[in-house]
1. Roughly how tilted is helix 12-24, in degrees to the nearest 10 and between 0 and 90, from the longest Cα axis of the chain?
2. With a 10 Å radius around each residue's Cβ, average the other Cβ atoms per peptide and rank 164-176, 66-78, highest first.
3. Per 5 Å bin, what is the whole-percent P(r) computed from every C-alpha pair distance within the chain?
4. Assuming R0 = 35 Å, can you tell me the calculated FRET efficiency for the pair residue 70 and residue 144, based on Cβ-Cβ distance, to the nearest 0.05?
5. Of the DSSP beta bridges with both residues in the chain, give the percent that are antiparallel, rounding to the nearest 5.
6. Under the 0.36 nm per residue contour assumption, what length would be gained going from the current alpha-carbon distance of residue 2 and residue 161 to full extension?
7. Could you list, bin by bin from short to long, the percent of Cα-Cα pairs of the stretch 1-50 in 5 Å steps?
8. Taking the Cα atoms only, what angle lies between the long axis of helix 61-71 and the longest principal axis of the chain, rounded to 10 degrees?
Ligand code: CA
C-alpha cells in the first residue's frame, strides 16, 4: 500500500482542488484544514509528501515544516500566498523541498510533486551527465570541457549537487563568498549570466540553470 499525500490547507476549495489533481494523477490523499490537527496526524501517520500551506489556524506551516524535518524524511512543498514570504522562508533554511506561491497552477504543483518523488524514490538516476573537476575548476559534458572561475564553479556545484532544489540569491551568496563580502543580488545574477554563457558551450541541450522568478535559482 502506498502512502498518501498529505494536504494541509485551511482554504477548503484550494485543498479540494489539490486533492482532485493529486487523485487524478493516481495519488491517494488526506486533507487537513487545521495546523494542530495536521501535527497530530503527522505524529501518528506517514505521508509520501506533504503539501503545506504557510498560514493556518492552530500551528502555522512554518512550525509544522520544522517538526517534519526533525522527525522524518518526508518531503515538504511549502505553499504561500506571498512571494516575499517565500524569500524569507528560503533565508531561514527551513529545509522544504520546494516552494509554491498562490495563486498556483495545480498542474504545476503536481509536476513538482512528481519531480520530488522521482528524485527521492529513484536516487540511482541522479546522473546529470556533467563531470565536475573541483581541483581544476572545470566542468565537462560529452567530449567538451569548460574552465570556470572559482565563483562560477562553486555556484554551479551548489546547484548541480541538489537538482531541483531552489536556492535564494542570499543563500548562494553566503555559500560562495565565505568572507562576508558585501555583494548585491545583481552580483549573483551577473555570475549566473556568465556561467550560463560558458555552460552553453558544452552543448548539453537545455540550459540546466533555471531562474525561479523573484526567488532564486535551481539546477534541472
Ligand atoms: Ca492559509
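Read the figures in this text as sums done on the coordinates, not as results from a lab. In this text, all values refer to a predicted model and were calculated from it rather than measured experimentally. Cβ sites come from the backbone with ideal geometry, for glycine too, and all protein chains shown count toward neighbours.
1. 70
2. On the way: 164-176: 18.6, 66-78: 16.5.
Descending mean neighbour count gives 164-176, 66-78.
3. Whole-percent P(r) values from 0 Å outward: 1, 6, 14, 17, 17, 15, 11, 9, 6, 3, 1, 0.
4. According to the calculation, E is roughly 0.20.
5. 45
6. On the way: separation 159, 0.36 × 159 = 57.24 nm, distance 2.83 nm.
Result: 54.4 nm gained on full extension.
7. 5, 23, 32, 24, 13, 3
8. 80
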